[in-house]
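Here, each number is a calculation from the coordinates, and none is a lab measurement. Since we're looking at a predicted model, the values are computed, not measured. With ideal geometry, Cβ positions are generated from the backbone for all residues, glycine too; neighbour counts draw on all protein chains shown.
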Amino acid sequence: MAPGRVVGIVGETGSGKSTLGQSIPRLLPEPPARIRQGRIVFQGSDLLSIPKWKMPIVRGTSIGMIFQEPINSLNPAFRVSDQLIEAVRIRKLRESGEAELFRPTEGFDYSKDRPVDPKEAIGRTFLPSAPEGRRPRAGRTSEELRKDALEYLRLVRINDPETILDLYPHELSGGMRQRIMIAMALSEKPTLLIADEPTSALDITIQAQVLTLMKELMDEVNTSILFISHDLGVIAEMADDVGVMYAGGIVEFGPVAEVFERPAHPYTKGLLESVPNRYKADGPLPSLPGSVPNLARLPSGCPFHPRCVFARPPCEPDPGPALEPVKGAPAGSNRRAACYYSEEVVRLK
Amino acid sequence: MGRSKVDLAIFVGKRVVWFVPVLFGLITITFFAGHASVRNPCAVWVGPHASPDTVRNCIEYFGVNRPVWDQYTGYLSNLFQGNWGKDPQGGQPVLPIILTLFPATIELLLAALFLMVVLGIPLGVIAANAGGRWPDHLVRLFYLGGWATPAYLGAVVLAIGIGPVLGLPNSGDFSSTPDPGWQLTHMSILDSILRLDTGALVDAIAHLILPAASLALLNLGIATRMTRSSMLEVLPLDYVKTARMKGLSDFWVLYKHALRNSLISTVTVLGTTAGSLLSWIVVVEEIFLWPGIGKYAFDSILSYNFAGTLGVVVFFAIVVVVANLVSDVLYGVLDPRVEWR
């Protein structure tokens, strides 16, 4: 992901979107979860080589997250002010050097895949003591923290933030709670924000409001966003790039307009064709035959081949196709697909 | 119905009013059960070597040959006048005795509850966080061991096995008897603090440790198990993940965000446990010679001291009701969604 860009992740239920999102800040309980191979390179450091107890340093100020169910994502026992100020305080402690802050590896070149030892990245930020002349607890009196919290509530367009701040989550509507979640994540100014289906649990009018808000905020705050959704329309609206997930893997990746205009993977094509279109009211709604395979018993080779209309004998044996640049795509468009016949598929109208 | 102070006062008031019929029923049942099971208590009160005349005088004096119903109404009318009856053997009024002994029992009960909270709850958090790995099994072994040990065995092991090793006194007889003029509360710790007497405070705590620990260690399993299971329910929830994603350390995630919500069920259980601890207290006070109401209850029952037994029942009932009331109020304090009704 490039800085400041919004990457959408789209896929059916059970395709591994949320697992992907939660594995980046290593939020999945280990065990049972286990990352068996690969790397999670964040700002030049491989997060997998950080001991798990040190992961909180990366969370919050570096990687923030918004969850799907606003009903469950705020703690019912604490007031909005307690929860929001907690986030603001963490950022202030880290910025002032009183708590450890994760810093990107200096001069990291995003174009090259060059992970650096994270011990180096974290260790360098251990500030020995408070910088000279700094007042202790500067900017962290309860009034100042409250003022900051109010500012973030205003940022997410909450009217009457003074009142809202003193309420408990159960006294708020779903849309309001999700705005507070967004305010909480943004108040730590994360480099990467993972939004895991932030609007799926909201009803349609609130969904539109929250999406509009997020779109406006994207211009105001400079944060890279990983936007997870099962809704192709939402992804098309929000994302710059899109990754399409199927059976736990990304099968296609590229700029959202190009991928949706000319998909290079048969699964993406099928997914796009099954979107209800109100201008074509004739005939049954097209759908992909079959269902998502059980992730514990994936088919051999390309996991999509049993449902694929393009499937040919080479698709069956292991290992399946890897995510590779699509031949025949416009030059410099950075399109990738995990299909042997992507060149053929992308040329179809 | 709401969460204002007035709502809370109404809630508490209602519970206190409801306590009156409960207490009335309790006294009635205890009175009749006691009198039905003993035909002639005078035989015990005057002793085995008393002459038939003495026995007859005793029957006459206490009126134990009167119909039970008459004795019952007589007892009730005395009770309303503040006369709780007398110890038939010593002749002292029961109420002042209970009032001096009761604080010692409350002190022991609170100390045991304190240990159950400060040891039992963190153990539950540790076990839940370990989730099936060895610390979880170790904690389970510890609390199930305590849970399965009867009080008379566990307390004796602590009194003669562990106490001497740690150099702790194993009886409630205080080495430095407090100045009787200064026994304001009849709680040795509170009194020594009020007197600003550090020597007496150390002594009081030393005497309290073993009886409180034997009550707590054998019963903290319920706090640990409740905390563990509700923590296991809370930990996978999104708001715990939200707390983690703020960058909070595991300690704050567990002991602030997750535990606050798990405590709701633990507190409820601890409220009822406080009541059931009273039955253990009778045994523990007897073993450690703790000068409390439990030991008095034991002695009263053995000597057919009906007035004493009934007095103890009333005070135990007060403890049970207050403990449940406190746990209900704490429930509302911990969960902002609860309304007083």
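Could you pull out the pairs from A:LYS17/B:LYS246; A:LYS54/A:LYS92; A:LYS17/A:LYS147; A:LYS52/A:LYS92 whose alpha carbons sit more than 29 Å apart here? Intermediate results must be reported in sequence, preceding the final value.
Numbers: A:LYS17/B:LYS246 21 Å; A:LYS54/A:LYS92 19 Å; A:LYS17/A:LYS147 36 Å; A:LYS52/A:LYS92 23 Å.
Violating the 29 Å Cα-Cα cut-off are A:LYS17/A:LYS147.
Could you tell me what a quarter of the Cα convex hull surface of chain A works out to, in nm² with one decimal place?
Numbers: hull surface 81.9 nm².
Taking a quarter of the hull surface, the average projection is 20.5 nm².
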Margin query: Between A:GLU344 and A:LYS54, what is the label-point separation in nm under the 7 Å Cα-to-beta-carbon projection?
Written below: 5.0
Note to self: At 0.36 nm per residue, and after removing the present C-alpha to C-alpha distance, how many nm does the segment from A:SER333 to A:ALA296 gain when stretched out fully?
What the structure shows: 9.9 nm
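To the nearest 0.05, how large is the calculated FRET efficiency for A:ARG154 and A:ALA208 if R₀ is 22 Å and r is the Cβ-Cβ distance? Walk me through the numbers on the way to the answer.
On the way: r = 21 Å, r/R0 = 0.94.
In this case the efficiency is close to 0.60.
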Notebook entry, point to check: A:MET245's amide H: which non-local residues (gap 5+, or another chain) put their own amide H closer than 5 Å, with H modeled 1.01 Å from N in plane and none for Pro or chain starts?
Noted result: A:VAL10, A:GLY11, A:VAL251
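Using just the helices of chain A, give the 222 nm mean residue ellipticity in deg cm²/dmol: DSSP H runs with n ≥ 4 each add -39,500 (n - 2.57), and the total is spread over all residues, rounded to 500. All intermediate terms of the calculation are to be shown ahead of the outcome.
Values: 12 runs with 109 residues, N = 349.
Rounded to the nearest 500, it is -9000 deg cm²/dmol.
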Next item on the list: Work out the FRET efficiency for B:PHE80 and B:GLU233 from their Cβ-Cβ distance, taking R0 = 35 Å, and round it to the nearest 0.05.
Entry: 0.10
Check: Sequence-distant or interchain residues sharing an amide H contact under 5 Å with A:VAL6, placed H: which?
Finding: A:ILE225, A:ASP240, A:ASP241
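If I stretch the segment between B:PHE251 and B:ALA43 completely, what's the gain in nm (0.36 nm per residue apart, minus their alpha carbon distance), one decimal?
On the way: separation 208, 0.36 × 208 = 74.88 nm, distance 6.40 nm.
Value of the extension gain: 68.5 nm.
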Check: Taking the simple approach of a point 7 Å from Cα along Cα-to-Cβ for both B:VAL118 and B:THR149, what is their distance in nm?
Finding: 2.0
Check: Applying 1/(1 + (r/R0)^6) with R0 = 25 Å to the Cβ-Cβ distance of A:GLN37 and A:LEU323, what FRET efficiency is obtained, to the nearest 0.05?
Finding: 0.95
Next item on the list: Counting helices only, and only those DSSP H runs with n ≥ 4, report the 222 nm mean residue ellipticity of chain B as the sum of -39,500 (n - 2.57) divided by its residues, in deg cm²/dmol to the nearest 500.
Entry: -23000 deg cm²/dmol
Next item on the list: Taking 7 Å along the Cα-to-C-beta vector as the label spot, tell me the B:LEU302-B:ASP70 distance in nanometres, rounded to one decimal.
Entry: 3.3
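State the antiparallel share, in %, of DSSP beta bridges confined to the protein assembly as shown, rounding to the nearest 5. Don't skip to the answer; put the middle values down first.
Values: 14 of 35 bridges.
In the protein assembly as shown, DSSP labels about 40 percent of beta bridges as antiparallel.
Please give the contour-minus-distance gain from B:ALA36 to B:THR100: 0.36 nm per residue of separation, less the Cα-Cα distance, rounded to one decimal in nm.
Numbers: separation 64, 0.36 × 64 = 23.04 nm, distance 2.96 nm.
Gain on stretching B:ALA36 to B:THR100: 20.1 nm.
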